[in-house]
Amino acid sequence: MSYLGRSLGTIALAVLTLTFVSAPAQAQINAIKDGWLVTKIHSEFVDEAILSGSNIDVDVKNGMVTLQGTVPSEAARARAIQSAKNNDGVKGVTDQLRIAPPAKKTGKAVAKAADKTEDGLDKAGDKTASGAKKTGRAIDDGWIKSKIYAQFMADWNTVLDDSDIDVDVANNYVTLNGTVKSAAAKAKAVSIAKATDGVKGVKDNLRVATTSR
């Protein structure tokens, strides 16, 4: 009985230790999945013409998605919600979107944008406005945000995997917050943002995460 008692005690201790060890690991797995979901959902907004004029923030915690920001219509709201729900790993979607007309540019801004578009098409086939023109979305803050995430997806299985990046865009200026796994990933994320059509500048607040792996 004494030997059996000691054996059971050893097993119980091992299970308890495993529980404490695996909790942080599970939290890290959840964070990775959440970061991937944010990127994936945003990347799907880029090709949605109905979302032109939208400026949506996607937040994910343990698979639960919260959509905030503005959309131009009820149909756009419904499309954004459905698009988020369709992703594997999404456990639920909270809708906090507001319907608001897209901000109108001044005559000078429109003319400047038109000049830039023509210049881009002349020099690079359709570099400057290709994404927006093909999808029917204008190059605005909302489009830039989703476009950056879409480009992050292309590098997710290489340098940007395990990233948890928040992209904020205001008046075509981008701020990057969150974590990446390495200095190379940080440089890649910043480079992608800077090269995105319509971006005027990038503020890098990214941190390189330290892991025990």
Restricted to region 137-166 and to residues being in a helix (DSSP H, G or I) and of a type in the set (A, V, I, L, M, F, W, C), the residue most open to solvent (accessible area, probe 1.4 Å) is ALA154
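So that you can scan it fast, the table gives a plain yes or no per residue for (1) modelled with pLDDT of 95 or more; (2) surrounded by 12 or more Cβ atoms within 10 Å (Cβ to Cβ):
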| residue | (1), (2) |
| --- | --- |
| ASN55 | yes, yes |
| LEU67 | yes, yes |
| THR70 | yes, yes |
| ALA78 | yes, yes |
| GLN96 | yes, no |
| LYS112 | no, yes |
| GLY131 | no, yes |
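Matching residues to (1) of a type in the set (Phe, Trp, Tyr); (2) out of contact with any Lys or Arg (no Cβ under 7 Å at 6 or more places or on another chain); (3) at pLDDT 95 or above:
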site	(1), (2), (3)
ALA23	no, yes, no
GLN28	no, yes, no
ASP34	no, no, no
MET64	no, no, yes
GLN82	no, yes, yes
ASN87	no, no, no
ALA124	no, yes, no
Of those in region 167-194 that are out of contact with any Lys or Arg (no Cβ under 9 Å at 6 or more places or on another chain) and free of Cβ contacts under 8 Å to residues at least 24 places away in the same chain, the residue surrounded by the most Cβ atoms within 10 Å (Cβ to Cβ) is VAL190
Taking region 195-213 and keeping only residues that are outside any strand (DSSP E or B), surrounded by 17 or more Cβ atoms within 10 Å (Cβ to Cβ) and hydrophobic (A, V, I, L, M, F, W, C), one is left with VAL199, LEU206
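The values are calculated or read from the model by the stated rules, or taken from the named source; none is laboratory data. Here the structure is a predicted model, which is why all the values come from computation and not from measurement. Neighbour counts are summed over all protein chains in view; Cβ atoms, including those assigned to glycine, are modelled from backbone coordinates with ideal geometry. Side chains are part of the model used for accessible areas, which takes the heavy atoms of the whole protein and leaves out ligands, DNA and RNA. Shrake-Rupley method; radii C 1.70, N 1.55, O 1.52, S 1.80 Å.
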